[in-house]
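What follows is a short report on a single structure.
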Amino acid sequence: MRNPRALRTFLVVFAATAVVASAAGAASIHPTGLPVTLTLPSGWSAGGATKAAVFNASGGAGHLAVTKGGSFPQGLPFALFLKTETSAAAKAYKGEDAHAVVSGKKVMLPSGPAAQIKATVHHGGAPVTVVLYSLLHNGVTYHFTFFTNGGASAADRAAFATIAKSIRYS
């Protein structure tokens, strides 16, 4: 296509079609044993529970493992929850890799406030990128851990954010 206007029109139509196709391929699910619904983007598939996780899913190079954590008193400030979750994650990831880089911050999801913890952990020289959302519901913590071997691509990060933003209590 040598005509710039035709090329722009083609790209706009292509982009709109891709967004509709992606939205049409999304699957809203209510994982057994969890008080939430979430939407998996097109190309992601749900897996069953494992010994470690209540729910698993994967797509592209990314993976999701959802675990039910311990309890946390509801009356305490969210800042304490954030500090507790970030400290626990740092301890765990630095136990795997003394040079792990771990950070945490509060984010707002449709389900409410969440601790977003990002980590890079090396296993045998290869990095694992982790984005963990720790949610508190009725005094129980739920960990939505997204990870990918190697550096997370823009597509992986976008999928992680899309799923996290779809989490709703049922």
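Taken together, the values in this text are just the output of simple stated rules run on the coordinates, not laboratory data. Owing to the predicted nature of the structure, the values given are computational and were not obtained by experimental measurement. Because the Cβ atoms are built from the backbone with ideal geometry, glycine has one as well, and the counts that use them run over all protein chains shown.
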Compute the signed sum of charges (Lys and Arg +1, Asp and Glu -1) over the other residues within less than 13 Å, Cβ to Cβ, of His137.
+2
Can you tell me the order of 88-99, 132-143, 30-41 when each peptide is scored by its average per-residue count of other Cβ atoms within 10 angstrom, highest first?
132-143, 30-41, 88-99
Calculated diffusion of segment 60-142, Stokes-Einstein form, Kirkwood radius summed over Cα pairs, 25 °C and 0.890 mPa s, µm²/s:
182 µm²/s
For His99 and Ala52, compute 0.36 nm times the residue count separating them, minus their Cα-Cα distance, and round to one decimal in nm.
14.4 nm
The chain, helix-only ellipticity at 222 nm - DSSP H runs n ≥ 4, -39,500 (n - 2.57), divided by all residues, nearest 500:
-11000 deg cm²/dmol
Tilt relative to the chain, helix 154-166 - C-alpha long axis, 0 to 90 degrees, to 10:
60 degrees
Taking 2.2 N^0.38 Å as the expected size of a compact globular protein, what ratio does the Cα radius of gyration of the chain give against it, to two decimals?
1.17
Can you give me the distance in nm between label points at Asn138 and Lys118, each placed 7 Å from the Cα along the Cα-to-Cβ direction?
3.3 nm
Summing Lys, Arg as +1 and Asp, Glu as -1, what charge do residues with Cβ under 12 Å from the Cβ of Val102 carry, Val102 excluded?
+1
Roughly how many nanometres apart are two label points built 7 Å out from the Cα toward the Cβ at Leu80 and Ala27?
4.1 nm
